[in-house]
Structures are given as C-alpha cells and as structure tokens.
Amino acid sequence: MKSWVQSHLNVGLIVGVLFVVLTYLLVSQQAVTTGGTRVVTTVAQWFVDKQLNEGEGPSEKVATTEARQILDDKQLIQAPSETEAVTTKVMCSMEERLSDYCELDGDVRIHGRAWSVDIVPSSRSSERRAWKMRPYSRRSATHVDLLNVTQLPGPDGAPACTVTYNKPAIVFALGGYTGNVFHDHADVLLPLFYLSRQYGREVQLLVINRVQPWWLGKYRLALRAMSRYDVVNLDGDTHVRCFRRVTVGLRLHKDFGVVPERVPGGLRLAMPDFTRFLREAYALPRGAAASPARRRPRLMLIQRQPHRRFLNEREIVRAAEEAGFEVAVTELRFDAAVDEQARLVNSFDAIVGLHGAGMTNEVFLPPGGVLVQVVPLGKLDLMARVEYGEPATEMGLKYLCYNITAQESSLLETLGPDDPAITDPDSVHRRGWAALYDIYLTRQDVRLDIARFSLTLAEAMDHLRRQ
C-alpha cells in the first residue's frame, strides 16, 4: 500500500513539473510574438532595452562600457521589432550636374566595413534595386570609393542592427579634394550646413572614405554647430547602424553657393546664412564692415608661398595706405587653427589676394566688406569668378576683380613674349588641367601695375564709405 501511494506521488510530481514547463514556454513564445516585445537574452541587450524604455542616455543605444564591450565582441544587439510598421521611401538621383545622392526613409541599415547601405522592407516586395555611388559632393572627384545602396526585396538576409538611433543621419565622404580649404568649405561644410539645418542639430553625421582625424579636428567647431553628437567614422566600422531616415551623399547646388529654392525643409537658406553660421560657430565679433567715418578700414594683403606671389609687395602696401587703408601682410598657414584664422580675417574690412584657396577666407569677412581678387595671366577669370567672385557677392561682400596683363606676369620674362602661354592661353587649356596648373598657377608670380591697381583700391574705399 505504501509503495502504491509513493508511486502515484512520483507520477503526480512529474506531471506537475511538465505542466509548469509547458506554461512557461507558451508565455515566453507569446511575449516574443506579441506587441513587438523582445525576450532579453544577454546582459548587453538588457542595457539596450533599459535605455530604450527610459528614453535617456546617448543617441547610440549602447549603454555602458561593459555593454559596449560585449556588443563589440559578440554583436548581440537585435534589430528593432519587424512587426513595427515602417513606410519605405527611396529616392536616388544620379543625373544632376555635380552630385549623386539618395534620400532614404524606412528601415535603413549602414555597415561601414562593407561599404553598404541597405533599405529593408517590412514585408517581402517584388523588386530589388541597387545603386553604386560616391558619397562625395562632386561626382568627378578622384580617391573616393563606391558605396553600395541597396533596396532589399524583403527582410530575409538583412544584416542585424547592432546600434539603433532615434534621429536622422547624413552619410558623407572625405577624400576627393578635401584638404584644400576651398573644397573643405564648398564641397563639405556648405552642403552639410544647408542639409543639416532642417534638423536643428538633432542629426547624426557619419563620415566615410579615407577619413583623416586631423580634418575632423580642424573643423570640429563647425561640425559641432551642425550636430549635437560626435561624428561617427564609418571606415572599418563593424557595427550595423540603423536609422529611420538617412541622406547618403551631399548635394551641391553650384560650385560654391546655395540655391534657396533647393534647400531641404523649405528653409530657403542663402550664403549670408552660411557666413552668419560660421561667425556664430567661431564666435566672430564683427557682423559689419567699418565705415571710414568711424575708423580707418583695415586691409589684409594675402601673400602666398612659394609661388603666385606679389613681387612688389611694398609698393602695393604703400598704395593701399595712400588710398586710406590700414594694411597688414599675412601669409595664411594651412596648419593654423581655423578659429584663430577666422578671428584674424574677421578683424579686417577688405582682402586683397591672388586667385587661389586663400580667397576662401572671404567667408569670415564681415558683411559689407570687400574682396579684391587678382587674377593671374591665363584666361582664368571665369574660374576665379565662379569660385570666389559670385560667392562673395552672394555673401553680401563687394567683389572687385583685377585681371593682370602680360606685362604684370613673371611668365613674360621666364618664357618670352612669343611663347604660346603668353600669346595663346587657349592652347594651354586644351592640354588639360595639369598643364594649366603648372604654367599659370605654379610657375607664375605677379608684379602689379601700381597706377592701374590704385584705381581698384579707390573703388574699394568708395564702397566702404557708402556703408
């Protein structure tokens, strides 16, 4: 009798345990498939879920050093629930004059190491679309690798998210022509400015392609004024970073300028907005040029090294002083801190310089100031006007162009009066950019005709008197 009771108790215990296990499995399965709730399977995922629920902490959903180490080592963060409704919109443009770019809305996953951007639909669709693009703002730029942008046919096979963001993102490339101060501003900072402005600094910047830490450091104040968050370097990045809205590539409106009607978000920004933004980013004090009635206007003469130099610097300084300017000769250094150089330029009312990247410092002149660009021999006036003249006018500066004659060029002496570079500049242009750059921009110095140049200085002073 006792053994019979013991046997039935054992059977009952086994049945009870099986019932508890079955109940747990059913509840767990329901938790996984209902309402987008995920089962916490790792310490790292618990940290992530905690941040998502509290809505606090940094923009990346990685909470602590401990959790970050786990994520880096094992890639354990799961993608957002696929039951969440996501509207997918994809617009890629490869036909504009200067730039290729994509505007992506939906489940967008970026894997830097793979050079891939995937758009993942919530359900299987009938079409897979793919684009290869250089996310640099000038399609023609060299030293920029191709990025693969793919709209997947369905969620199967999509890379799992390891970092999820609740803000939009902009992906842009360096390389190309960056490192030249003109292209730093025209190709990167200006288009980033008018693209990011719609987000009010609530945007994540992601940079790819031969990223140089010194470049990010050099322009850190401007980049910080565009986004509250540190720039993410995608080169070799092992994370799959997920967003709901991404712009891939920067869109140039023109070589260096803004078309207000084409600014995203209907903001109708223009070049004065960009220069005001820079003055605020670098804490520049002057928002207007000086009137001669109040104090003597200051003129900066930019002297280049080692070529395209003013050979009669002292005579130019004397002529500018006679015109009423206080003059300082400056050799702007490539390695100078941008904020220090910006404050220096902002303290002047006029700049005189030979055509070249140094003219980009016009962005720091106070509105109402004067830019005098001396254009070397070689039919370079169109390039000079497009790159610096038209932007200066749009910034609210007075632009004056001084085209030198053959008698003011050192090439007349070094090549002789009958050389095609003197008599037929078009023949040099037909030989390509390398020949043009070598002859007109590397081997040429300038000795200004002071009597003729004094007329330009007088025009600059007349403009400032009218301020």
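Restricting the stretch 239-250 to residues that are among the basic types (Lys, Arg) and out of contact with any Pro (no Cβ under 6 Å at 6 or more places or on another chain) leaves a set whose member that is farthest from ALA160 (Cα to Cα) is ARG244.
For first residues located in the stretch 406-420 and under 20 Å from ASN312 (Cβ atoms), partners that are open to solvent by 50 Å² or more (accessible area, probe 1.4 Å) and not in a helix (DSSP H, G or I) and lie 6+ apart or on another chain with Cβ distances below 6 Å form the pairs GLU408/ARG447; GLU408/ASP449.
GLU313 meets the conditions (1) over 27 Å from ILE404 (Cβ atoms); (2) modelled with pLDDT of 95 or more in every case but one. The failed one is (1).
In the stretch 196-237, which residues are within 20 Å of ARG134 (Cα to Cα) and open to solvent by 10 Å² or more (accessible area, probe 1.4 Å)? Selection gives ARG210, VAL211, GLN212, LEU216, VAL231, VAL232, ASN233, ASP235, GLY236, ASP237. Here is the figure for the stretch 274-290: residues that are surrounded by 14 or more Cβ atoms within 10 Å (Cβ to Cβ) and under 25 Å from LEU192 (Cβ atoms) total 10. Residues of the stretch 307-348 that are of a type outside the set (A, V, I, L, M) and in a helix (DSSP H, G or I): GLU313, ARG314, GLU315, ARG318, GLU321, GLU322, ASP339, GLU340, GLN341, ARG343, ASN346. What are the residues in the stretch 389-428 that are touching a Gly at 6+ places or on another chain (Cβ under 8 Å) and either part of a helix (DSSP H, G or I) or more than 30 Å from GLY368 (Cβ to Cβ) (or both), if any? Passing the criteria: GLU390, PRO391, GLU394, ALA421, ILE422, PRO425, VAL428.
One residue stands out in the stretch 291-316 among those that are open to solvent by 30 Å² or more (accessible area, probe 1.4 Å) and among the aliphatic types (A, V, I, L, M): the one that is nearest to the chain's Cα centre (by Cα), namely LEU311. How about the stretch 429-467: which of its residues are in contact with an Asp or Glu (Cβ under 7 Å, 6 or more places away or on another chain) and either assigned to a helix (DSSP H, G or I) or surrounded by fewer than 12 Cβ atoms within 10 Å (Cβ to Cβ) (or both)? Listed by number, the residues that qualify are ILE450, LEU464.
Apart from one condition, TYR177 fits all of (1) open to solvent by 70 Å² or more (accessible area, probe 1.4 Å); (2) under 24 Å from GLU261 (Cβ atoms); (3) of a type in the set (Phe, Trp, Tyr); the exception is (2).
Within the stretch 353-382, the set of residues being open to solvent by less than 20 Å² (accessible area, probe 1.4 Å), touching a helix residue (DSSP H, G or I) at 6+ places or on another chain (Cβ under 7 Å) and not in a loop (DSSP other than H, G, I, E, B) comprises GLY353, MET359, THR360, ASN361, GLU362, VAL363, PHE364, VAL370, LEU371, VAL372, GLN373, VAL375.
For the stretch 241-254, filtering for residues that are open to solvent by 10 Å² or more (accessible area, probe 1.4 Å) and touching a strand residue (DSSP E or B) at 6+ places or on another chain (Cβ under 9 Å) leaves 4. Considering each residue of the stretch 430-446 in turn, at least one proves to be closer than 27 Å to ARG298 by Cα and either touching a Leu at 6+ places or on another chain (Cβ under 9 Å) or not hydroxyl-bearing (Ser, Thr, Tyr) (or both).
For the stretch 391-404, the count of residues that are open to solvent by less than 10 Å² (accessible area, probe 1.4 Å) and more than 28 Å from LEU190 (Cα to Cα) is zero. Of the residues that sit in the stretch 185-223 and are in contact with a Phe, Trp or Tyr (Cβ under 9 Å, 6 or more places away or on another chain), among the aliphatic types (A, V, I, L, M) and not in a helix (DSSP H, G or I), which one is farthest from ASN148 (Cα to Cα)? Once the filter is applied, the top-ranked residue is VAL203.
The values are calculated or read from the model by the stated rules, or taken from the named source; none is laboratory data. The shown structure was predicted, so the numbers you read here are calculated from the model rather than taken from an experiment. Glycine also receives a Cβ, built like all others from the backbone with ideal geometry; neighbour counts cover every protein chain displayed. These accessible areas exclude ligands, DNA and RNA; they are computed on the full protein's heavy atoms, side chains included. Shrake-Rupley method; radii C 1.70, N 1.55, O 1.52, S 1.80 Å.
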